[in-house]
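Trainee: Next up is a structure, given as structure tokens.
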Amino acid sequence: MRLIARLLTFFYRHLYHGFAFAYDAVATVVSFGHWIEWTRTTLPYIQGARILEIGHGPGHLQRILNEPAGTPKAGSGLFVAGMDESAQMGRIASRRLLRAGIDSPCLARSLAQALPFQADTFDTVVSTFPSVYIFQMETLAEVRRVLRTGGRLIVLPAAWPTSPPLRWLYRLTGESPAGNIHGVREKWRQPFLHAGFEVTIETIEIKSSLLLLILAKKPVEK
């Protein structure tokens with residue numbers, strides 16, 4: 001199991017950089033065609049007109065958010081930004097947005113631990129299927145800094161297939177965290193609480209899968 005985990009870590013690191021051109025194909029395979037649909041489950045939870053996506057990847061959610069009907073706030077002063085550490089993903093996302101008619105996409109290359117945005121800028125920060133950096137205190141401190149008071153961080157960290165064979169495969173490859181979903185909920189809640197967020201976690205059932213959605217609110221300062 002440790003060897004498989006190390007091999008997958010190596011594979012995903014290169015998939016996100018040197019082999020980024022293959023990311024969409026791999027994501028489609030490992031999600032059984034539901035990757036973008038899973039990503040769309042974050043949309044009803046987005047609030048406000050200023051939105052930042054952390055780890056935009058190939059730009060699917062960026063395209064959706066910039067569509068006329070992408071969010072409830074579309075067409076009313078909506079501002080969508082994205083950031084990613086991978087230069088290759090930045091180029092792929094830019095091309096996708098330009099093809100969709102989005103002439104001046106706001107995409108930045110940076111680390112999540114050093115967001116290149118001013119404090120109190122965004123109403124919502126969203127991240128879908130990020131790696132473990134999203135739970136780091138440096139990342140969460142930066143997210144809290146750029147969020148406005150009452151703003152929301154939305155994290156879609158994992159999916160659990162509900163059919164036994166796929167559940168076993170996802171556990172073997174590390175696509176789903178080890179342990180039952182209730183234990184994982186409590187484990188993942190803690191970093192957000194320690195970073196000063198008010199946290200709720202929702203479970204969403206869709207297409208033979210369970211998705212976990214973390215909603216972290218920046219509270220009013222006391």
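Trainee: Within 10 Å of each residue's Cβ, count the other Cβ atoms and sort 207, 218 from fewest upward.
Mentor: 207, 218
Trainee: Which of 199, 126 comes first, and how do the rest follow, when ranked by fewest Cβ neighbours within 10 Å?
Mentor: 199, 126
Trainee: Within segment 102-144, name every residue whose backbone N is under 20 Å away from a label modeled 7 Å from Cα of residue 220 along the Cβ vector.
Mentor: 120-124, 144
Trainee: Cut-off is 10 Å between beta-carbons; in what order do 209, 104, 110 appear when sorted fewest neighbours first?
Mentor: Least crowded to most crowded, the residues run 104, 110, 209.
The numbers here are math on the coordinates, done by the rules we state, and not lab data. No experiment lies behind these values; they were computed from the predicted model shown. Positions of Cβ are generated from backbone atoms using ideal geometry, with glycine treated the same way; all protein chains shown enter the neighbour counts.
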